[in-house]
1. Looking at the range 4-17, is at least one residue under 17 Å from Met118 (Cβ atoms) and surrounded by 12 or more Cβ atoms within 10 Å (Cβ to Cβ)?
2. Condition (residue is under 22 Å from Asn126 (Cβ atoms), touching a residue at least 12 places away in the same chain (Cβ under 8 Å) and within 16 Å of the chain's Cα centre (by Cα)) applied to the range 58-66: is it met by at least one residue?
3. Can you tell me which residues in the range 41-96 are surrounded by fewer than 17 Cβ atoms within 10 Å (Cβ to Cβ) and in contact with a Leu (Cβ under 8 Å, 6 or more places away or on another chain)?
4. Can you tell me which residue is nearest to Ala25 (Cα to Cα) among those in the range 67-91 that are in contact (Cβ under 8 Å) with a residue 12 or more places away in the chain and among the small types (Gly, Ala, Ser)?
5. Between residues in the range 116-145 that are in contact (Cβ under 8 Å) with a residue 24 or more places away in the chain and residues that are surrounded by 10 or more Cβ atoms within 10 Å (Cβ to Cβ) and in a loop (DSSP other than H, G, I, E, B), which pairs lie under 7 Å by C-beta distance while being six or more apart or on different chains?
6. Please go through the range 21-42 and pick out each residue that is charged (D, E, K, R) and in a helix (DSSP H, G or I).
7. Quick one: count up the residues across the range 1-54 that are within 18 Å of Leu106 (Cβ to Cβ) and aromatic (Phe, Trp, Tyr).
Amino acid sequence: MAGIIIRPAAREDVGLILRFIRALAVYEREPDAVVATEETLLRDGFGPQPYFECLIAEWDGAPAGFAFYFFDYSTWLGRPGIYLEDLFVDPEFRGKGIGRVLLERLAAIAVERNCARMKWQVLDWNEPAIDFYRAMGAEFPAEWLNVRLTDEALLRLAGATGLASGPEKAESASDSPIVSELPQ
């Protein structure tokens, strides 16, 4: 499509990635929820053990949007999948096909890497996005509920309620042996 370039993000893009993340948070009515920093994005996306990958969309050379993703694995299918964490196009660039081209490129990456599927979430009030995804054939399986543990509940389950948050404490907690006592 004329004017659109999709490229893999590079280390130099972390400021741009963070800008897109913050803009998405504003759009999703959670402007104060982002605690990610350029340092955490550098460490977790461009360090020795990357946890995510990212595509940058440009329109006539200007940054226009991004797709932030990582890989999961289906034990039933015995194949990896792509989980799309964030898809965002700046408002001034919407309506130019950028979101669709980002998803097409991500689908191509999934096929290239033998992934069984792509998954993502959408807020139930975001009708424009829901309509956009439906038009591409996306399914909305109602029988699957989102489940997550965060903050104190995560620490409690890990048996780490007294630990401070942060990678230093998390690493030391994971170094201790796991002992499970089952009733006899």
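1. The answer is yes, given that some residue of the range 4-17 is under 17 Å from Met118 (Cβ atoms) and surrounded by 12 or more Cβ atoms within 10 Å (Cβ to Cβ).
2. For the range 58-66, residues under 22 Å from Asn126 (Cβ atoms), touching a residue at least 12 places away in the same chain (Cβ under 8 Å) and within 16 Å of the chain's Cα centre (by Cα): present.
3. Correct list: Pro63 only.
4. Ala67
5. Qualifying pairs under 7 Å: Ala116/Leu77; Leu123/Glu28.
6. Within the range 21-42, Arg22, Glu38, Glu39 meet the criteria.
7. Selection size over the range 1-54: 3.
None of the figures in this text is laboratory data; all of them are computed from the coordinates on show. Predicted, not measured: the structure shown is a model, and the values here were computed from it. Note that each Cβ is placed from the backbone with ideal geometry, even for glycine, and that neighbours are counted across all protein chains shown.
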